[in-house]
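**Q** Sending over a structure as structure tokens; questions will come in a sec.
The values are calculated or read from the model by the stated rules, or taken from the named source; none is laboratory data. Note that the structure is predicted; figures quoted are calculated from it, not measured. FYI the Cβ positions are ideal-geometry reconstructions off the backbone, even for glycines, and counts take in every protein chain you see. To get the accessible areas, we keep the full protein, side chains included, count just its heavy atoms, and leave off ligands, DNA and RNA. Shrake-Rupley method; radii C 1.70, N 1.55, O 1.52, S 1.80 Å.
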Amino acid sequence: MPIARLVLAGLAGLLAALIVADMFVMHHPAFGIDGTPGFAAIFGLVASAAAIALAFGWGQIARRRETAAEEEGRDG
Amino acid sequence: MSFLAAIDQHLPVIVVLAPLLGAVLVALVRVEIASWPIAVLAALISAAAAFRLVFVVEQLGVVSYRLGGFAPELGIEYRVDAVNVLILLVVTAVSLVTLLYARQSVAAEIDGGRVPWFYAMMLVAMAGLLGMAITGDAFNAFVFLEISSLSTYTLIALGRDRRALVAAYQYLIVGTIGATFYVIGVGLLYLATGTLNLALIVERLPDVVSPRALIAAEAFILVGIALKLALFPLHAWLPNAYGYAPSAATVLLASTATKVAVYLMARFLFGVFGIHVEIGPVSVTGVLILLSLAAMFVASLAAVFQRDVKRLLAFSSVAQIGYITLGLALANPAGLTGAFLHIVNHALMKGAAFMAIGAVLLRCGSSRLDDLAGIGRTMPATAVALTIAGLGLIGVPGTSGFVSKWYLVLGAFDDGKGWLAFMIVASSVIAVLYVGRLLEVVWFREPGKAALAASEAPLSMLLPTLLLAGLTIFFGIDAEMPARLAGAAATVLLGGHP
Amino acid sequence: MAETLLLAPWLPLIVGSLLVAVLRGRVQDIVFVATPALALILVWSLPQTAGPDFNWLGLTLTPVVSDSTARLFGTAFALAAIGGAIFALPQRSSAERAAALLYAGAAQGVIFAGDLVTLFLFWEVMAIGSALVIFSNGASRAGLRYALMHAFGGVLFFAGIAASIGSGGTAIRPFAADSIGSLLMLAGILVNAGAPPVSAWVADAYPRASWSGAVFLSAFTTKAAIAVLIRLFPGEAALIPVGLIMAVYGMIYALLENDIRRMLSYSIVGQVGFMVVAIGIGTPLALAAAGAHAFVHILYKGLLMMAAGTVLRATGTARLTALGGLARSMPFATCAMIVGGLSLSAMPLTAGFVSKSAIMQALADDHDAVAWFALTAISAGSMLYAGLRLPWFAMLRPSTPRPATLQATPAMKLAMGGAGLILLAIGAAPGLLMRFVPGIESVAVLTSDHILFQLQLLVGASICFVLFLRLLVPHAGTTVDTDWLWRCLPQLLVKAGSALSRQVLAALSLKSRVDTRKIQAISEAWVQRTMHAGNWRTGDIALVATALLGICLLIAAM
């Protein structure tokens, strides 16, 4: 999927630019580490990956597949 | 002026005599058309007298009326104070509204020839109940108890369903056992004190040598009355009796009969024996609380599983009586106020509920839950009244049921029994279940054949029903009047002056 | 004094509810929209002085009293009601309209209640109104489940209030969760807030409302609980873990969900979790931030619900699996969904950024590292489901679009446009919001390091979204929710219990050769007897009565 790769490259470029910009601003960290330039980028990547992993894992355990008709019929 | 004053003097006896004479008149005339107006007129006079008594009692505190002018030692004394004037008011007012409601329902449910007898029995039952409430004489109370019971057996047996006969027979046996227990207890009291007048018994109690005789008397009297008021586990006669009696009779019984028995129990518990008596290691209040809780939960649960709405409401009555006796057992101002408020409020909402079911019975010919499906679409006003009554039974804020439960909860906390408050509220959740089941059927089910064919209840039945339902709402918002009367009753029972 | 009562913001709404039930046609439309607008005016014209007192059952009631918290929530509720009403104009259901106004009025009543009893009364009316909104869509079973849940919460709340009145009267005041009374109260409020373990009611009930009804539902109940928590339990430390669990739960279930409105319901729980954490912190800044976030959340969740409602009305479904490719045919709803989603994700220049910054600032000031890092991570997760997954799968992804049979009417566009504009305006000029939320003026919002931080977080989340897109594809299905506890667990327990008892009985019968059938018959008869307690034999009744008497006499004789 070249489009997906293109979007990914664009986002990565944007993130890199943001990190670079982050090196030139004055930080007001509350816990020290959150003032490191680029911290938010890494934290965002890791946290999102963790969220997806958590949701996917829980989905494997607790989500029951249904047909579309079953899903509609469940209401009431 | 002097005429009014003369009437004022004789109010206590007018309250009882009006329905009694009315009954005699109905029985003598025995014309179907005439019996209803006579009955209504008698009830109206009685209600007016009771209403006037409320003011008189508020001014004087206690009204004592000596029948035939004999002294209390010899004769019978009618004694009206803040406690029983409330009961008189409820009984007369509800009876009046019930009789107003009854005409078409009775015409449909009772064979033509028996209609005058039915009204005569209604009036006799009313007179008996009023007499039980008004008399200050223990044995006279027994006589009135029998009067009301005998007429009640007849009323139940007049039901269309053949099972009504069995229910009446069962109630006859059980009622007789209860009355016998009661009269044995009164006999023991008489042996110990030498008088039947309640006030005199109280005066002479300190001189009684053997406390054992007293305790035996208390046991007989309380168990006897408990049978009449359907205190759990002595309630088993009630669902069938209410379920199979003619609609109008059910309304009268459900809103008044058990309440008067509750009053009598309160009178003996507080006025005669003293609530804090302990029988050996067991305290009366403890037992009463236990039985009340059992009634609240078990009867409510049983109501959830009923298939007939009249029986459902009857079980609900057993549970609601549990709230009332719980209020008595708390024995503090808030709890007692709650109990007496619930006597009033339950009379209103159960009256409204049974009236609504009576209307449905008239139009659909059935009170089975399944046959009520979708009745909200064809009989909306009746269904609204039923809904309001149901919400009151749950104790939804804005209905009078909330106000009385509120006082009960306050009483529980005043007594340092927070868990009891929780039980009161928790048992209301079961009420949510059975009322919810009823409302779901009434409003959300697809109407069946009978429900589709039904039309709105006739105005003569609808108006009394809506009146009681409206009062349920009104007393839920402005509870000043009933709360004041119930508060005065509580104060008097606890030995104070209102 | 009593004329202040005429300024009560709930009054026009409740009167309006009755009018709407009676009126029809154009007049009904006008009343439906005008009464929330009147309520908004009253919210601001009500003086912030002591309210009028009334005596009821020996209790002093204050039906209406205003302060800055009340004004903030009152404004949000009024805006939600106005927006919801305008949006619902094409929905010609008198029942839903009357229920919605009753619901909105009761919510205002909760906010402006001056004592615990009034608060409870409106609390219950609110439950009734909201249940009626669900019922009016014909979802009677879901409505009943919802009503039961709120009856349960109401019971807890009532018991708690009754217990607390004994020690300190009916005044609304901060409590500490250290006595039975205050714990019951807290539990009752948390039921309404959608806290665990009863969170499932939110996602069970809200998607059962009509396409317009859900807009009202998403605004009031949970946020009213937040307002009450701010008043009654500020700084209650137990709320911090509760809120964190809610935030995680909301995020995970939203990431898995297929139905848009169910997803948004889960998201409500998640975002309310943010507010609950802030209330648990309890500093003035944290409480103000919780209020501000509630305000903003009502707006963006309302906007998202409107977008979802528009899609549902147009295509007949709100399932992600059945949607996609709608951007061209429904550009307005798509924009609304994106603005709402980005606001939920706290994208800079949206209102969500302002309020979430305030919450994070409050956490940072309190040095609560665990909550801070957890909520920052969950913010990234929010971007995943609301900012990306929702608009992508519902609208943007290439797919053969379902025909949009009913286009959004001008009224619906007006409602969505208004909400979106307010969100963007607050985002661009945070002072608009800060002006009437005293306490959050000091929060740095539009500073370069702060904006950069948030952008990195969101772009990082976006990269993950693109990378793991395949894991996030929606599927038809259900996720086991906390309602398993009361819908399945009891059955399991009964089954296990009966299996166990059968084994025990079998073991017993081996030893004592008791016929199991006999035991079964006896126990069945016993169950029958309790259930149909009315059909006792006369002899049994007499026996019980005599037994009771006998016991009394026996005890007396001893």
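**Q** Under 10 °C and 1.306 mPa s, how fast does chain B diffuse according to Stokes-Einstein, given a Kirkwood radius computed over C-alpha pairs? Answer in µm²/s, whole number.
**A** Details: Rh = 22.4 Å.
Result for D is 71 µm²/s.
**Q** If you don't mind, there's one more thing I want to ask. What value does segment C:234-440 have for Rg/Rh, both radii from Cα atoms and Rh as Kirkwood defines it?
**A** Details: Rg = 17.0 Å, Rh = 17.0 Å.
Ratio of gyration radius to Kirkwood radius for segment C:234-440: 1.00.
**Q** Could you work out the helix-only [θ] at 222 nm for chain A, with each DSSP H run of four or more residues adding -39,500 (n - 2.57) and the total divided by the number of residues, to the nearest 500 deg cm²/dmol? Intermediate results must be reported in sequence, preceding the final value.
**A** On the way: 3 runs with 51 residues, N = 76.
After summing the helix terms and dividing by residue count, I get -22500 deg cm²/dmol.
**Q** Using the Karplus curve 6.51 cos²θ - 1.76 cosθ + 1.60 with θ = phi - 60°, what ³J(HN,Hα) values do you get for each residue of segment B:38-47, in whole Hz, with x for Gly and Pro?
**A** Each residue's phi maps through the Karplus curve to give 4, 4, 4, 4, 4, 5, 5, 4, 4, 5 Hz.
**Q** For B:Gly448, enumerate residues with amide H under 5 Å from its amide H, sequence gap 5+ or separate chain, H modeled in the peptide plane.
**A** B:Ala373
**Q** Given the -39500 (n - 2.57) contribution per DSSP H run of 4+ residues, what per-residue ellipticity at 222 nm results for chain B, rounded to the nearest 500 deg cm²/dmol? Mind dumping the intermediate values first?
**A** Working: 23 runs with 367 residues, N = 498.
Only helices count here, giving -24500 deg cm²/dmol.
**Q** If you find the alpha carbon centre of segment B:115-144 and of segment C:364-440, how far apart are they in angstrom?
**A** Using only Cα atoms to place each centre, the spacing works out to 72 Å.
**Q** Now a separate question. Taking the Cα centre of segment B:277-498 as the origin, how large is its charge dipole in debye, to the nearest 20, when only Lys and Arg (+1) and Asp and Glu (-1) carry charge on their Cβ atoms? Please report the intermediate quantities before stating the final value.
**A** Details: 13 positive and 11 negative charges, 101 e Å.
Dipole size: approximately 480 debye.
**Q** Then there's this: Which of the listed residues, B:His346, B:Ala356, B:Phe297, is farthest toward the dipole's positive end in segment B:216-357, when Lys, Arg count +1 and Asp, Glu count -1 at the beta-carbon?
**A** About the Cα centre, the residue reaching furthest to the positive side is B:Ala356.
**Q** Turning to a different aspect of this structure: Starting from the amide H of B:Asp308, placed 1.01 Å from N in the peptide plane, find each other amide H under 5 Å away whose residue is 5 or more places distant or on another chain.
**A** The answer is B:Leu369.
**Q** May I ask you to give the solvent-accessible area per residue for chain B, in square angstrom, as obtained with a 1.4 angstrom probe? Kindly include the intermediate steps, with their values, before the conclusion.
**A** Details: 16600 Å² over 498 residues.
With the other protein chains kept in place, chain B gives 33 Å² per residue.
**Q** What do the square roots of 5 times the Cα gyration tensor eigenvalues come to for segment B:422-470, in whole Å, largest first, as semi-axes of the equivalent ellipsoid?
**A** Working: eigenvalues 157, 70, 6 Å².
Gyration-tensor ellipsoid for segment B:422-470: 28, 19, 5 Å.
**Q** For the pairing of chain A with chain C, what total accessible surface becomes buried, with a 1.4 angstrom probe, in square angstrom to the nearest 100?
**A** Details: alone 6800 and 23850 Å², together 26440 Å².
Looking at A and C, the buried total is near 4200 Å².
**Q** At 37 °C and 0.692 mPa s, grab the translational diffusion coefficient of segment C:339-422 from Stokes-Einstein with a Kirkwood Rh over Cα pairs, rounded to a whole number in µm² per second. Write out the running numbers ahead of the final one.
**A** Working: Rh = 15.0 Å.
It diffuses with D of about 219 µm²/s by this estimate.
**Q** In whole Å, what three semi-axes, largest first, describe the equivalent ellipsoid of chain C built from its Cα gyration tensor (square root of 5 times each eigenvalue)? Present the calculation step by step, with values, prior to reporting the outcome.
**A** Values: eigenvalues 378, 188, 130 Å².
Values for chain C, descending: 43, 31, 25 Å.
**Q** Output the Kirkwood hydrodynamic radius of segment B:277-498, Cα pairs only, in Å rounded to one decimal. Can you show the working numbers first?
**A** On the way: mean 1/r = 0.0564 Å⁻¹.
It is 17.7 Å.
**Q** Cα centroids of segment B:295-316 and segment C:79-140: how far apart, whole angstrom?
**A** Distance between centres, Cα-based: 32 Å.
**Q** Could you go through segment B:380-385 in sequence order and give the Karplus-derived ³J(HN,Hα) for each residue, using 6.51 cos²θ - 1.76 cosθ + 1.60 with θ = phi - 60°, rounded to whole Hz, and x for Gly and Pro?
**A** Coupling constants for segment B:380-385: x, 5, 4, 5, 5, 4 Hz.
**Q** On a full-extension model of 0.36 nm per residue, what is the gain between B:Tyr190 and B:Glu446, subtracting their alpha-carbon distance, rounded to one decimal in nm?
**A** This chain segment gains 86.0 nm when fully extended.
**Q** Now for a separate question. With every protein chain kept in the model, how would you rank C:Lys413, B:Lys449 by accessible area, 1.4 Å probe, largest at the top? Don't skip to the end; give the middle numbers.
**A** Values: C:Lys413 80, B:Lys449 185 Å².
Result of the area sort, largest leading: B:Lys449, C:Lys413.
**Q** Please report how far the C-alpha centroid of segment B:17-37 lies from that of segment B:202-280, rounded to the nearest whole angstrom.
**A** 31
**Q** Relative to the compact globular guide of 2.2 N^0.38 Å, what is the alpha carbon radius of gyration of the protein assembly as shown, as a ratio?
**A** Numbers: Rg = 33.5 Å, N = 1132, 2.2 N^0.38 = 31.8 Å.
Relative to the rule-of-thumb radius for its length, the protein assembly as shown sits at 1.05.
**Q** Taking θ = phi - 60°, what integer Hz values does the Karplus form 6.51 cos²θ - 1.76 cosθ + 1.60 yield along segment B:97-104, in sequence order, with x for Gly and Pro?
**A** So the Karplus estimates, Gly and Pro as x, are 4, 4, 5, 4, 6, 5, 3, 6 Hz.
**Q** Carbon and sulfur together cover what percent of the accessible area of chain B at a 1.4 Å probe radius?
**A** Values: 11320 of 16600 Å².
Using a 1.4 Å probe with all protein chains present, chain B comes out at 68 percent carbon and sulfur.
**Q** Stretched out fully, how many nm does the piece from A:Met23 to A:Val46 gain, at 0.36 nm a residue minus the Cα gap?
**A** Values: separation 23, 0.36 × 23 = 8.28 nm, distance 2.03 nm.
Extra length available between A:Met23 and A:Val46 comes to 6.3 nm.
**Q** Of all the C-alpha pairs in segment C:405-462, what % are more than 14 Å from each other?
**A** Working: 1162 of 1653 pairs.
Summing the P(r) tail past 14 Å for segment C:405-462 gives 70 percent.
**Q** Report, as a whole number in µm² per second, the diffusion coefficient that Stokes-Einstein gives for segment B:330-395 at 4 °C and 1.567 mPa s using the Kirkwood radius over alpha carbon pairs. Provide the component values of the computation, followed by the final result.
**A** Values: Rh = 13.1 Å.
In µm²/s, the coefficient rounds to 99.
**Q** Ignoring everything except DSSP H segments at least 4 long, calculate the 222 nm mean residue ellipticity for chain C; use -39,500 (n - 2.57) per segment, divide by total residues, nearest 500. Write out the running numbers ahead of the final one.
**A** Working: 23 runs with 381 residues, N = 558.
Mean residue ellipticity, 222 nm, calculated: -23000 deg cm²/dmol.
**Q** Further, regarding this structure: Does segment B:113-192 come out rounded, prolate or oblate, given a ≥ b ≥ c as the square roots of the eigenvalues of its C-alpha gyration tensor, rounded meaning a/c under 1.5 and, failing that, prolate meaning a/b above b/c?
**A** Working: a/c = 4.56, a/b = 1.69, b/c = 2.70.
The shape class here is oblate.
**Q** Please give the charge dipole size of chain C, origin at the Cα centre, charges +1 on K and R Cβ atoms and -1 on D and E Cβ atoms. Round to the nearest 20 debye. Numbers along the way, then the final one.
**A** Values: 33 positive and 22 negative charges, 418 e Å.
In total the dipole reaches around 2000 debye.
**Q** Sticking with this one: Which sequence of B:Thr154, B:Thr465 reflects their accessible areas, 1.4 Å probe, from the largest down?
**A** Working: B:Thr154 60, B:Thr465 5 Å².
Largest accessible area first, the list is B:Thr154, B:Thr465.
**Q** When every alpha-carbon pair in segment B:1-274 is counted, what percent end up more than 26 Å apart?
**A** Details: 15633 of 37401 pairs.
For segment B:1-274, the fraction of Cα-Cα distances above 26 Å is 42 percent.
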